[in-house]
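Heads up, the thing below is written out as structure tokens.
The values are calculated or read from the model by the stated rules, or taken from the named source; none is laboratory data. On a predicted model such as this, the values are computed, not experimentally measured, just so you know. Neighbour counts run over all protein chains shown; Cβ positions are idealised from the backbone, glycine included.
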């Protein structure tokens, strides 16, 4: 049986055949369509094509592998279904996925077929999503459904992101990317050609799309090879009218970004030069799409991305032979349970272990519950992940702080409070907010899973030189203005992409006046303006914070270390690629109104007239209105941004003698067991209890929807965490980022209020 057996859908079959011939089939497919549309037939053909061993067009239909597939007897194809039950239980999914990372028995790949994907129960969906997001090296998922509306929201998000192939007889095929986007290099063109014909039949929005063209891939490649960086603005200006014509469409923006990223990816492979930061961080493509506000945003990113690779191409101003690329030795590698499993698996497949386990520190944080940590974790997938993390660490001799232990907590809080983080270190973690540690004058940045494996194996990492930026904030802070307000103000001024490609040094009298907790908050959020990382020169405040910490040097060794650390500052005549200066007097308590951290304003200000309509629609706000008086459903105090003892002290002091507003759910979550112990020793738990609040146990909590602390759809949350993307705190959740004071005012008032008036600051 070949693709010709599928009636109609000629374009679809041509594209799939081409992708198969090039070995470009993605690891996950979603096939939707009514009965009779051919989705089951296509699924069998795809299975045969991926297992076929014959030369030429695949599947051949006659080789032993094809025959086993078509006869339903292939050992590497697992059908996940229970025809006797309406809902497919999680056990079937989990049983099917137990050997994901084991090589196939006979064929080219292991294929997991879900004939009724829409009938998975919630736990089954979670298990499946985890496997798709972190795909196995030999596995392929085939999901079949009559209607995509019955599928988990995350799957629908994936399919909307790259709705690549549309048939003409009622069958749609979506290639779900997961994180293996390198396998999707041909999809932008397919998207551009095939989505149009589908969208033309479905909505007026696509009429704009259908008349739009983007840049030509070959033209851009030629320009990257031979053009001058100074000519980039005029190159992109040529395409501005056509980009503008379709830019209001979210799917068109997805296409543009994907096309751009893959062209640059191809250019880097061709010239054997390092990938730009935007391609090395696994979540940044999705983040860029979500942060898109205007054509100017796209063109700015396009120019930055192209300039970065043109400068390091052979003959470019920053080109170095591959043998001379920067190889950075990593002084401290932090790990947690989310981004390490696949990296550990890579080591096992290679028959090696962690090279320098003494330089690695692990702690689970993303998936942990924040109540009843002395009991078995109720959510099975989270429990399995925590257990696997512990086994991986023990097998490799890596120190880790297990759930409930005295040193457990959020990775970016535990490291500094124990004195493991020190000035001058190179620090990495498979987490974007590793930039937190830059507050100590360390070079700290997040890395992807493949780079985690690289550090495991060698304690080194290859890195291109980033651009440099200095942000100087001088002056005296006004009432109620905290570090969180400072950094939200900065991001609102330079935008959520203003730091792309740069490492930021924060300087000035206002920055120097901050405590170490405040400095960590500032550096933590440097990633939210697109920067590679942030840092602050160490000074007496830094040294006093570290003195006496458990893992910091002690006695004379500490004094010797300080002598070295004192030299870690920028010279007075240092030149930066870009500089910004701000006056602290212009900063008020801040709050965000949209769906990225750059959409921020003073708490008593009006939403700007030019605010992104899509973001406002999601949030239920209107341009020109104030947020003051808007009701609040949830308040979250915690995360690696604002979960330190200073934050809890401030919140407790503000709410002391008051009562939590009725109707408000408040989660007060310390960032570590150390913070929790300090809070209880100082009686903060009693102050909070008297005001109607509960001090929970440490974890990432409601920063992200990976544990039980989720914000329900449509509800409003004032959060002291770092991101407010759509669905970040839960599907449909509406998040307003703020500092401790604004959060405290919302908690006791039940609405957005100016803390300067509520607390008479």
Scanning segment 131-147 residue by residue, those buried (at least 19 other Cβ atoms within 10 Å of the Cβ) and either over 27 Å from residue 346 (Cα atoms) or modelled with pLDDT under 75 (or both) turn out to be 131, 132, 135, 136, 144, 145
Helices (runs of 4 or more DSSP H) (entirely within segment 1-98) containing at least 2 residues that are at pLDDT below 75: 10-21, 39-51
Segment 588-618, residues that are in a loop (DSSP other than H, G, I, E, B), within 17 Å of residue 745 (Cα to Cα) and free of Cβ contacts under 8 Å to residues at least 60 places away in the same chain: 605
Odd one out for residue 309, checked against (1) at pLDDT 70 or above; (2) surrounded by fewer than 20 Cβ atoms within 10 Å (Cβ to Cβ): (2)
Does any residue of segment 217-237 turn out to be touching a helix residue (DSSP H, G or I) at 6+ places or on another chain (Cβ under 6 Å), buried (at least 16 other Cβ atoms within 10 Å of the Cβ), modelled with pLDDT of 80 or more and not in a helix (DSSP H, G or I)? no
Check whether at least one residue in segment 574-587 is part of a loop (DSSP other than H, G, I, E, B), more than 28 Å from residue 464 (Cα to Cα) and over 27 Å from the mean Cα position of the chain (by Cα), and report yes or no. yes
